[in-house]
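A.B. asks: Sharing a structure with you now.
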Amino acid sequence: MPSVTYTAFDGSETAVEGFAGDSVMETAVRNGVAGIVAECGGSLSCATCHVFVCADTVFPAMEDLEDDMLDGTAVDREDNSRLSCQLKLVGDADVRVLTPETQV
Ligand code: FES
């Protein structure tokens, strides 16, 4: 079973188990993790699920639309920025992401 550790802007961590095929965003929302708003519910139209992916976590490259949407995040994007609704959990991977100071 995969797991996700979310590190908030203040440094606090929340670790939860997820399900393969679910997204990092869905896993956060299901478990009440603060720091991910997900206004559009994962349809790639809000950018309020912005996360910074930790160096030890690897996801497939982003599609062009995700890349475009990352230009509209509340906190400026960085090289490791992704939209968590596009990050699918696989196998028993332990995924680590940081959530930005604000999403809106
Ligand atoms: S939840 Fe809206 S873009 Fe990810």
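A.B. asks: Can you give the relative contact order of the chain as a percent, counting alpha carbon pairs under 8 Å and 6+ residues apart? All intermediate terms of the calculation are to be shown ahead of the outcome.
C.D. replies: Numbers: 218 pairs, mean separation 43.4, N = 104.
After rounding, I find 42 percent.
A.B. asks: Kindly report, to the nearest 10 Å², the accessible surface of Glu39 as traced by a 1.4 Å probe over protein heavy atoms only.
C.D. replies: 130
A.B. asks: Rounded to the nearest 10 Å², what accessible area does Leu98 show when all protein chains are kept and the probe is 1.4 Å?
C.D. replies: Its accessible surface works out to 60 Å², give or take rounding.
A.B. asks: Could you please state how large a percent of the accessible area of the chain is carbon and sulfur, counting protein chains only and using a 1.4 Å probe?
C.D. replies: Values: 2690 of 5520 Å².
Result for the chain: 49 percent of the exposed heavy-atom area is carbon or sulfur.
A.B. asks: For Ser43, Ser3, what's the largest-to-smallest order of accessible area, 1.4 Å probe?
C.D. replies: Details: Ser43 75, Ser3 30 Å².
The most accessible residue leads, giving Ser43, Ser3.
A.B. asks: Calculate how many DSSP beta bridges within region 3-98 are antiparallel, expressed in % of all such bridges and rounded to the nearest 5. Let's see the in-between values first.
C.D. replies: Values: 11 of 16 bridges.
Bridges in region 3-98 that DSSP calls antiparallel: roughly 70 percent.
A.B. asks: Right, here's the next one. Probe 1.4 Å, all protein chains in place: accessible area of Phe19 in Å², nearest 10?
C.D. replies: Near enough 100 Å² of accessible area.
A.B. asks: At q = 0.18, 0.21, 0.22 Å⁻¹, what is the log10 ratio I(q)/I(0) for region 7-73, with the Debye formula run over Cα points and no solvent?
C.D. replies: Ignoring solvent entirely, the Cα scatterers give -0.77, -1.07, -1.17.
A.B. asks: Rolling a 1.4 angstrom probe over the protein heavy atoms, how many square angstrom per residue are accessible across region 1-63? Could the numbers behind the result be given before it?
C.D. replies: Numbers: 3230 Å² over 63 residues.
I get 51 Å² per residue for this part.
A.B. asks: Here's a follow-up. Suppose R0 equals 41 Å; then what is the FRET efficiency for Ser45 and Asp92 from their Cβ-Cβ distance, rounded to the nearest 0.05? Please report the intermediate quantities before stating the final value.
C.D. replies: Values: r = 31 Å, r/R0 = 0.76.
The value I calculate is 0.85.
The values are calculated or read from the model by the stated rules, or taken from the named source; none is laboratory data. This is a predicted model, so every value here is computed, not measured. Virtual Cβ from ideal backbone geometry, glycine too; neighbours counted across all protein chains shown. All accessible areas refer to the heavy atoms of the entire protein, side chains included, with ligands and DNA or RNA removed. Shrake-Rupley method; radii C 1.70, N 1.55, O 1.52, S 1.80 Å.
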